[in-house]
């Protein structure tokens, strides 16, 4: 770990960002060039004291999870992210794996979406980042670890994962998830994390094994979704997907048609989400 280089790199990347780059209000009495330390810490979900110690060359070695959060908070490119890992004493993430580093272009779009659910997924359907509305709709995905980080794995191993979809739509969802995984398998190869997930699910889920043998190949998110919320009931939503050029990440944005009951439910969902977060903070 090169403490001096890490500290200088973090400071310079922080100073290069403006509040509007990360969807923060500019304010009228901003004396600091770029972002404040506490703003970066908040974006990275770490303490301000810990981040300050990193910039002052006296912090402990950051974990890979912390580095991924810092890379996302500072909107680093892939090259900048790899450099951050190396000066912090870690190997850079493998480029062809489903990385926890969110593509900066997708992150910038997500930053500006506040009143509708939006989230960024890896090609294994791992939730890399989600906004407040997506958390209120789908739940907080940050607690999943290991293979369960993949919604594909959870779909075929945890019956509760299917409750958000109407029963009549679940078979189609199963086929779509397997077909999407085959796209990733074809791109990454059998020795990739996609290959590992395929082999695991072939052993643990007869349903998956049968669907995998059909060789369906497609990566397309349905334009229309019916989702079941435990408190609000059915929501009829439109789904738009924006892919990175290498197809490794997807930004999903869910909207309700104007002047509909689902639009009203989304507004209420925003209030419910705020109340839940306030309760958890307390």
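Any idea what angle helix 261-281 forms with the longest principal axis of the chain, computed on alpha-carbon atoms, 0 to 90 degrees, nearest 10? For helix 261-281, the angle is close to 50 degrees.
With N as its number of residues, the stretch 213-273 has a Cα radius of gyration that, divided by 2.2 N^0.38 Å, comes to 1.39. Helix 193-204 against the longest principal axis of the chain: what's the angle in degrees, Cα atoms only, rounded to the nearest 10? Tilt relative to the chain: about 40 degrees. Compared with the dominant Cα axis of the chain, that is its longest principal axis, helix 3-16 is turned about 80°.
Rounded to the nearest 0.05, the FRET efficiency derived from the C-beta distance between residue 49 and residue 148 at R0 = 25 Å is 0.20. Sorted ascending by nearby beta carbons within 10 Å, beginning with the fewest, 155, 212 become 212, 155.
Rounded to two decimals, the Cα radius of gyration of the stretch 1-74 over 2.2 N^0.38 Å is 1.05.
For the stretch 104-281, the relative contact order works out to 25 percent when only alpha carbon pairs closer than 8 Å and six or more residues apart are counted.
Label reach from residue 91 (point 7 Å along Cα→C-beta): in the stretch 1-22, amide nitrogens under 17 Å belong to 1.
Normalising the average separation of contacting C-alpha pairs (under 8 angstrom, six or more residues apart) by the number of residues puts the relative contact order of the stretch 3-87 at 35 percent. Neighbour counts of C-beta atoms inside 10 Å place 225, 265 in the sequence 225, 265, starting with the fewest. Look at 116, 77 and count the other Cβ atoms within 10 Å of each Cβ; fewest to most, that gives 77, 116. Each listed q (0.07 Å⁻¹) maps to a log10 I(q)/I(0) for the chain, found by the Debye formula over equal Cα scatterers with no solvent: -0.29.
Bear in mind that the values in this text are calculations on the coordinates, not laboratory data. Worth saying up front: this structure is predicted, and the values here are computed from it rather than measured. Note: ideal-geometry Cβ built from the backbone for every residue, glycine included; neighbour counts use all protein chains shown.
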